[in-house]
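The values are calculated or read from the model by the stated rules, or taken from the named source; none is laboratory data. Remember, it's a predicted structure, so these values are computed and weren't measured experimentally. In this analysis, Cβ positions are derived from the backbone assuming ideal geometry, glycine residues included, and neighbour counts consider all displayed protein chains. These area figures cover heavy atoms from the full protein model, side chains too; ligands, DNA and RNA do not enter into them. Shrake-Rupley method; radii C 1.70, N 1.55, O 1.52, S 1.80 Å.
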Amino acid sequence: GAGVSQSPSNKVTEKGKDVELRCDPISGHTALYWYRQSLGQGLEFLIYFQGNSAPDKSGLPSDRFSAERTGGSVSTLTIQRTQQEDSAVYLCASSLALLLAGGPKTDTQYFGPGTRLTVL
Amino acid sequence: GENVEQHPSTLSVQEGDSAVIKCTYSDSASNYFPWYKQELGKRPQLIIDIRSNVGEKKDQRIAVTLNKTAKHFSLHITETQPEDSAVYFCAASIRGSNYKLTFGKGTLLTVNP
């Protein structure tokens, strides 16, 4: 079946402009994640959505970053007033979420191809 | 919060040799440890994972070991092949927050034919 898709694949913008990055998760996956991968670094957790629950925004690096997930499917990551240090690959992932007695437990995370953001 | 250290940052082996990548974690409440492989220009893909109720897991040429006391886990690849060349990331997540993976910085593995 179709995997996680992201658009655009590449985005070049000028410092100070706003950008929107889109993620389409695997159909049926209720959990959605955003990560940032800077050059030579690991993946940095940004935000997590699970169904209708309040998202975990604890990884967002500043208030210039925000994300929405409408209708429990597509998600948009918005970066306002972009800075050069925002340049990175932004990866989206999705997974099934298992609702167990001890709380939600997420399954394997499947990643999208990423959006490479370059801020000039 | 959780901190994951990964070593080495680069590893070069001859085809057919074994490769070992090691990670340590800081939070004793961590209980889920996946490994991802990322080929150049491609998305990360899960290759194996282990939960804290087991000490070792194998899948063909790949194995992962976990030492909860020492808070470290390792990836072992035997009979390496050129197509194993990639960046490998370890990760850990804490019981009750299994969605929030903390990743190591990655190991670039090069398998020379």
Alpha carbon convex hull of the range A:43-99, projected area averaged over orientations, nm²:
4.5
The Kirkwood hydrodynamic radius of the range A:12-81, taken as the inverse of the mean 1/r over all distinct Cα pairs, in Å, comes to 13.0
For the protein assembly as shown, what is the accessible area per residue in Å² when the probe is 1.4 Å?
50
Mind checking the range A:12-120 for GluC sites (Glu not before Pro) that DSSP puts in a loop (not H, G, I, E or B) and that have at most 15 other Cβ atoms within 10 Å?
A:E14
I need the phi-derived Karplus couplings for the range A:67-81: 6.51 cos²θ - 1.76 cosθ + 1.60, θ = phi - 60°, integer Hz, Gly and Pro marked x.
8, 10, 9, 8, x, x, 10, 4, 10, 10, 9, 10, 10, 8, 6
How much of the calculated P(r) for the range B:1-69 lies past 19 Å, in percent of all Cα pairs?
41
Beyond 31 Å between alpha-carbons counts as too far, so tell me which of A:K57/B:K58; A:K11/B:K68; A:K11/B:K100; A:K15/B:K42; A:K11/B:K22; A:K11/B:K57 fall in that bin.
A:K57/B:K58; A:K11/B:K68; A:K11/B:K22; A:K11/B:K57
Return the sequence-ordered ³J(HN,Hα) values of the range B:49-55 in whole Hz as given by the Karplus equation 6.51 cos²θ - 1.76 cosθ + 1.60 applied to θ = phi - 60°, using x for Gly and Pro.
9, 9, 10, 6, 8, 10, x
State, to one decimal in nm², a quarter of the convex hull surface area for the C-alpha atoms of the protein assembly as shown, i.e. the direction-averaged projected area.
13.1
Mind jotting down the three principal axis lengths of the range B:42-113 based on Cα atoms? Whole angstrom, largest first.
43, 24, 19
Each residue of B:99-108 has, on average, a number of other protein chain C-beta atoms within 10 Å of its C-beta equal to 6
Whole-angstrom gap from the range B:39-69 to the range A:8-40, using each part's C-alpha centre
26
Using Stokes-Einstein with the Kirkwood hydrodynamic radius over Cα pairs, what translational diffusion coefficient do you get for chain A at 10 °C and a viscosity of 1.306 mPa s, in µm²/s rounded to a whole number?
109
